[in-house]
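Step one of this worksheet: look at the structure below.
The values are calculated or read from the model by the stated rules, or taken from the named source; none is laboratory data. Bear in mind the structure is a predicted one, so any value in this text is a computation, not a measurement. Heads up, the Cβs are rebuilt from the backbone with ideal geometry, glycines too, and the neighbour counts pull from every protein chain shown.
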Amino acid sequence: MRHKNQQRQFPLRPFLVGLILLLLALIAWELVQRRLYPERYRDWSRVIAYVPLDDRIDNLEDVVYLAEASGWEIVMPPRDWFRTALDGQPPNENGTPYGNREALFLWVRDMGRAGCHTFILSLDQLFSGGLAHSRSVRETWPLSFSGRSAMGEIAAFRKYVLPLAKKPQNRLYLFDSLARLSPTVAYRGIGESEYYALREYGMVPRPILSDRELSLQRVFSLYPYAEDGRTPAENALENTRFRDFLTPDLLETYLGVRRRKLTLTDEVLSEIDGLSNVQLFIGVDDSSNRDNIQYNELRYLRSRIGDDVSSGVAVMAGLDSLARMFVGRAAQETYGYRVRASVRYIGGTQDKHSSEFDLYTLEEVVKRHLDFFRAEQVPERDAELQFLVMTAPENPEQAAEYVEELVSTLERNLALHIPTVLNEASNDAYGDTLEQALLQRAPFAGLVAYAGKYDQANVTGAAFAMGFSRYLYLRCDGTGGTPVDLAQLRQMANSMALTEYILHTRAPLNAYLKSLHVDTGNIPYNTPHRERIEQKLTELFAPECQKVRDNLQDTALLCALMPWSTKKVRTVSFHDYRLPWNRTFELSFTIDVSVDEP
């Protein structure tokens, strides 16, 4: 019999067994939750939720490569939600040729709920379904969410995007476009004749408003008129043959698009006023250096936001590089480090417009980009990062001397371990001479960044975004190791190969398509020549890729600054060449790379 003062012994073994089973169940539940809802458990500190302008390589692969080479991870919605389809191409899953605005707004909201803190968002995509479609919508276009009544674009912005700004740790980088001078060819029935007719119409000078007169309604009221304020702008065209294409409906759509876009931008500016963690940059897409229909629009915007690109709201030259520039801006604000940079121009024409499409001179474009990244411009002897900017030759007879100056400077910088960015903004003014000298004597893997394609505004944006993003990572972090270094090698190979495509592949490919009587700006999806076109693309482009491989393989990839450290490039290969928009203007491909560990 148990003594009355003897306590009952606690059953320890069953308790421990039960505790272990409970712990195992909790671990299993945690693993299931992580598999079902991975976004709840990821480290969001270096993740960017990104809604692209569209699915061209400038806004897709180029942004991903740059982010990964700088230690960031890009997350995006399904491509079908932001894809653009030209006339006659297969539509998206929702049956349209433009992006799914409702799905994108909800995706942005859900990324915020999941824990993402950094957002780069295209307003052209959210409001209009992409850049091309933003050039064709002339009236307010309500969005329809399931279970809710339709709401306007700004109402959707207010409901699904602005709440993210309530969390002080969040950063929202928004980018928009000033309506360009002409819409997209092969989209919504616009052909080359309509494109050039509307471009000439847009370039007709309008009456210039005084500062006191600037208002949206006054800007809109002067759209239809030439410089005297009375003559219809179409009657002032220098090339009268374009007048036949300027039908009343086409002109009303054109002017309606401009009214809608500028109104939306103006309303967004009001919505974000006073929000320190929201930034908005407006890209000037396809402009000219003459007074035109954009002139009063630009002056109105600057009357509202000023012209300080180091602030959170401003107008920028170029559009297709803005997403990449925001990656660099995010890096600068994350590290809080101000880079001491120098700029050397070679060629002598930095104070000139390189073409009629440029709003600013190259020197002005570079200055704006330095300010955007809040860099301190210093003499070369004091710089930690040097930008070499190649311009068109001021004296064509001295072209060879300019080429030698650039290449010898690159050789010297690489030998002395000077971090260098090459911005080749000459617009192919040197022909094959510059390209051959660079490929033969300058190992690109040792550069911090390189860009050399398209117009000077976008090429400068690409070079400076790559340069600052990668340099800030190497200078302030550098913990990503081989995966980040491989991304940098892939980014460099991508930029080099695209330049080779523009220089040597696109023209003969266009000639081949024309021989088949195929439209180079919109290749029919069901063309019987597709296999032959793909074979010709490979035949023409593969040798250009070999040039890139020859330059990169067995050279030293810059991987660290302090101390200076490199990794030997083992392999670079290209495959799966494709024309993502079924036109020859842009090219996509897959890049495989590897390096040897030091």
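Structure data summary
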| read-out | value |
| --- | --- |
| Among residues of the stretch 48-82, those that are closer than 29 Å to T479 by Cβ and either within 11 Å of the chain's Cα centre (by Cα) or not acidic (D, E) (or both), counted | 24 |
| Failed item in (1) in contact with a Gly (Cβ under 6 Å, 6 or more places away or on another chain); (2) modelled with pLDDT under 95; (3) in a helix (DSSP H, G or I), with Y473 passing the rest | (2) |
| Of the criteria (1) in contact with a helix residue (DSSP H, G or I) (Cβ under 9 Å, 6 or more places away or on another chain); (2) surrounded by fewer than 22 Cβ atoms within 10 Å (Cβ to Cβ); (3) over 23 Å from L406 (Cβ atoms); (4) modelled with pLDDT of 95 or more, which one R340 fails | (3) |
| Residue match in the stretch 514-529 (condition: in a helix (DSSP H, G or I) and under 30 Å from Y360 (Cα atoms)) | no |
| Subset of the stretch 191-207 [crowded, with 22+ Cβ neighbours inside 10 Å and assigned to a loop (DSSP other than H, G, I, E, B)] | R206 |
| The stretch 571-593 - residue that is assigned to a strand (DSSP E or B) and surrounded by 15 or more Cβ atoms within 10 Å (Cβ to Cβ) and, of those, nearest to the chain's Cα centre (by Cα) | S588 |
| Test for Y254: is it among the aromatic types (F, W, Y), closer than 29 Å to L322 by Cα, in contact with a helix residue (DSSP H, G or I) (Cβ under 6 Å, 6 or more places away or on another chain) and part of a loop (DSSP other than H, G, I, E, B) | no |
| Members of the stretch 542-570 that are buried (at least 16 other Cβ atoms within 10 Å of the Cβ) and acidic (D, E) | E544 |
| F220 among the aromatic types (F, W, Y), in a helix (DSSP H, G or I) and either farther than 18 Å from N296 by Cβ or in contact with a helix residue (DSSP H, G or I) (Cβ under 7 Å, 6 or more places away or on another chain) (or both) | yes |
| Members of the stretch 208-235 that are touching a residue at least 24 places away in the same chain (Cβ under 8 Å) and either crowded, with 16+ Cβ neighbours inside 10 Å or under 19 Å from R180 (Cα atoms) (or both) | I208, L209, L214, L216, V219, F220, L222, Y223, P224, A233, E234 |
| Filter pass, W141 being touching a Pro at 6+ places or on another chain (Cβ under 9 Å) and either surrounded by fewer than 24 Cβ atoms within 10 Å (Cβ to Cβ) or assigned to a loop (DSSP other than H, G, I, E, B) (or both) | no |
| Within the stretch 41-65, tally of residues that are crowded, with 23+ Cβ neighbours inside 10 Å, under 24 Å from R113 (Cα atoms) and of a type in the set (D, E, K, R) | 0 |
| Residue in the stretch 476-484 that is out of contact with any Cys (no Cβ under 6 Å at 6 or more places or on another chain), without any contact (Cβ under 8 Å) to a residue 40 or more places away in the chain and either of a type outside the set (D, E, K, R) or in a loop (DSSP other than H, G, I, E, B) (or both) present | yes |
| Leading residue by the ranking (surrounded by the fewest Cβ atoms within 10 Å (Cβ to Cβ)) among those in the stretch 257-277 that are hydrophobic (A, V, I, L, M, F, W, C) and part of a helix (DSSP H, G or I) | L269 |
| Scope the stretch 144-190; condition polar (S, T, N, Q), in a loop (DSSP other than H, G, I, E, B) and buried (at least 16 other Cβ atoms within 10 Å of the Cβ); matching residues | N170, S182, T184 |
| Residues satisfying the stated conditions in the stretch 278-300, i.e. assigned to a helix (DSSP H, G or I) and touching a strand residue (DSSP E or B) at 6+ places or on another chain (Cβ under 9 Å) | Q294, E297, L298 |
